[in-house]
1. If residue 139 passes every condition in (1) farther than 14 Å from residue 29 by Cβ; (2) among the aliphatic types (A, V, I, L, M); (3) at pLDDT below 90 but one, which one does it miss?
2. Considering only segment 101-119, state which residues are within 18 Å of residue 52 (Cβ to Cβ), open to solvent by 20 Å² or more (accessible area, probe 1.4 Å) and in a strand (DSSP E or B).
3. How many residues, within segment 37-60, are over 14 Å from residue 123 (Cα atoms) and open to solvent by less than 20 Å² (accessible area, probe 1.4 Å)?
4. Which number in (1) of a type outside the set (Phe, Trp, Tyr); (2) at pLDDT 95 or above; (3) crowded, with 17+ Cβ neighbours inside 10 Å marks the one condition that residue 34 misses?
5. Could you look through segment 66-97, keep only residues that are touching a strand residue (DSSP E or B) at 6+ places or on another chain (Cβ under 9 Å) and surrounded by fewer than 17 Cβ atoms within 10 Å (Cβ to Cβ), and pick out the one that is nearest to residue 18 (Cα to Cα)?
Amino acid sequence: MSERIQLDGLLLTKDTQVVSVMNQILDSFAIDTEVCAEIDSALDAVTHRRLDAVIVDWDGVSDPTRIVRAARKSSPNSNSTIVAMVNAGSETHALLVGANFMILKPADFEYANRCMRAAYGTMLQNRRRSARVAVDLPAIVRVVGVGGIQTRISDLSVGGLALQCRQPL
């Protein structure tokens, strides 16, 4: 049986119904989530911690765009999955600011769970894209005009690998 990847999230809301529904869903996806009721603590989290998910109650906090913009400007969270929980009429604004997914409020468990299942795939893809796995493997790189060069592969990711060798390539 495969081990689940532990993801980190932030939920910004003052709405106890949102917290109740989202805590169940986030637990089921193994997303360790900090709940913030105030924008200052949420801003601190998105600028200083790596988060896989940022969930913003769009109509439940003042100036939700600050959170999304701060996340997009911070290097650890520029590609984080942002979910906006919106009332009817706020959808376009949330998407224009940079939200990836929306959950319409009032959200029941089944509807919010379907939306988070879609967002979860994006979170995993972003985690794999940025994750690097340390290895120590011998390799031979064939360079046109030079021939084979002995190297070592020091880490791997979805997007590439890091090579170490004694001579410049």
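The values are calculated or read from the model by the stated rules, or taken from the named source; none is laboratory data. These numbers were taken from a predicted model, which means no experiment stands behind them. Positions of Cβ are backbone-derived with ideal geometry, glycine not excepted, and every protein chain shown enters the neighbour counts. The protein model used for the area step is the full one, side chains on, heavy atoms only, and it has no ligands, DNA or RNA in it. Shrake-Rupley method; radii C 1.70, N 1.55, O 1.52, S 1.80 Å.
1. Against the list (1) farther than 14 Å from residue 29 by Cβ; (2) among the aliphatic types (A, V, I, L, M); (3) at pLDDT below 90, residue 139 comes up short only on (3).
2. Those that are within 18 Å of residue 52 (Cβ to Cβ), open to solvent by 20 Å² or more (accessible area, probe 1.4 Å) and in a strand (DSSP E or B): 101, 102.
3. Going through segment 37-60 one residue at a time, the tally reaches 6.
4. (3)
5. 87
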